[in-house]
Amino acid sequence: MINILFIGKRFNTNRDALTEKFGRIYQLPYHLSKEEDITLKLWMVDYHTYKKELVQNNKLHIISTPVKNGMVFSQYLQENFSKNKYDIIMASGDCYIGLMAYLLAKSHKAKFVFDIYDKYDEFGGYIKPFGFDLFGFLLKKADIRLFASRILLQNLGQSQYDAILSNGIDAKHFRPIDKTEARTKLQLPLTQKFIGYFGSMEPDRGVQDLITAVNILRLQGQNVELLLGGKSDPSLDLDQAGIRYLGNVPFENIPYALAACDVLAIPHRRSAFLDAAAPNKVSEALVMQRPIVATQSPNLFANFPKQAIELEPYLAEPSNPESLARAIIKQLDQRHLVGELDNIYWDQISLVVIDRLKELYDAKV
């Protein structure tokens, strides 16, 4: 029996992995815990609230501890001196979570697995005290590194044992939904043409470019509106004609918001962070069977090469609203759907990790 501790960041991209069962922090440990010869504890590090929580989901035992009142540090001490010895300790979320996992792995004489779903040294909170590069240190010390994108693997991979662990989607959550059904549920007009974007709205996500592109189309006489969902950035003015802002849409309603759109946009600008990212928006749009427009971002070509080639007529120059407007109007007219993706669901993706973890455990014993 392989005993695993998985330490992850509870809140990410304005989503709560615990209550919404969202993303790799929840879905990967959950699917790993289904294996008969694996026992797994998920420890969530909470940077936002003050409440400790304990949850059980089938075989998966979950504990969430807040940082703000110091409970996370008392939990670290409990794990450090626990008689329940771990074979593998995994970290996913940031470098500080990675450091805790590394130190606990040393204490337990366990293997250390570092899951890198973003370029962590580009996070706003990342610092180098006295010039020490914690991210680089953890990359060197990890027995296996898992990367969310091919660019991250190419740039940061250390050995042949490293692997791609794509961001998956939950098959129970994302499914094709009729547009009329979706609009009725969200109380949206049935005849309006909607260009949709749902997610983070920091400047490099390109939402301002999308707003400008939709304004260009409206000035040309096109009957289009921008349907937005997510936590707004202070730099954006969403209180203007042509924008229907749904707020930070509850996760259970995201499939309906996607399905309500005529075209889904991925307007990313160029940045060190986003160029190496692995957003789920392409996978979600394909499952929802909605046309896509996007910018010529390196993360699109690296993670979805086949789909990027198919989308070439509907790709815009990054940071160019006029180019984005042309791509939108072409896709509204042609409504081109790209081919399906393989292995996009968590139950499929987790199988790769299970094999790697068993190899690592066998090498340990």
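In a Debye calculation with equal point scatterers on the alpha-carbon sites of the stretch 206-365 and no solvent, what is log10 I(q)/I(0) at q = 0.17, 0.18, 0.19 Å⁻¹? Debye curve over Cα of the stretch 206-365, log10 I(q)/I(0) at q = 0.17, 0.18, 0.19 Å⁻¹: -1.06, -1.18, -1.30. Rounded to the nearest 0.05, what FRET efficiency is calculated for A241 and H173 with R0 set to 41 Å and r the Cβ-Cβ distance? So the FRET efficiency works out to roughly 0.80. With the convex hull constructed from alpha-carbon coordinates only, the chain shows a mean projected area of 18.6 nm² over all directions. Projecting the Cα atoms of A257, G339, N14 onto the charge dipole of the chain, computed from C-beta unit charges around the Cα centre, puts N14 farthest toward the positive end.
Of all the options F81, F132, F174, the one that moves most in a Gaussian network model of the chain with Cα springs shorter than 10 angstrom is F132. Subtracting the Cα-Cα distance of Q334 and N155 from their residue separation scaled by 0.36 nm leaves 60.7 nm.
Counting only lysines at least 8 places from K330 when in the same chain, those with an alpha carbon closer than 19 Å to its own are K193.
With a 1.4 Å probe rolled over the protein heavy atoms of all chains, the accessible area of K330, K358 falls in the order K330, K358, largest first.
Taking each residue as 0.36 nm, the span from K83 to T13 lengthens on full extension beyond its C-alpha to C-alpha distance by 21.7 nm. Looking at the stretch 1-114, the DSSP beta bridges with both ends there are about 25 percent antiparallel.
Bridge orientation summary for the chain: considering DSSP beta bridges with both residues in this region, about 15 percent are antiparallel.
Whenever you get a sec, compute what percent of the accessible area on the chain sits on carbon and sulfur atoms (1.4 Å probe).
Numbers: 8160 of 16160 Å².
So the carbon and sulfur contribution to the accessible surface is 51 percent.
Estimated from helical segments only, the mean residue ellipticity of the chain at 222 nm is -10500 deg cm²/dmol, where each DSSP H run of four or more residues counts as -39500 (n - 2.57). Diagonalising the gyration tensor over the Cα atoms of the stretch 30-170 and scaling each eigenvalue by 5 before taking the square root yields semi-axes of 23, 20, 16 Å, largest first. On a per residue basis, the convex hull of the C-alpha atoms belonging to the stretch 142-181 measures out at 97 Å³.
The values are calculated or read from the model by the stated rules, or taken from the named source; none is laboratory data. This structure is a prediction, so every number in the text was calculated from the model and none was measured. No Cβ is skipped: glycine too gets one built from the backbone with ideal geometry, and neighbour counts run over all protein chains shown. Areas reflect the complete protein model, heavy atoms only, side chains present, ligands, DNA and RNA absent. Shrake-Rupley method; radii C 1.70, N 1.55, O 1.52, S 1.80 Å.
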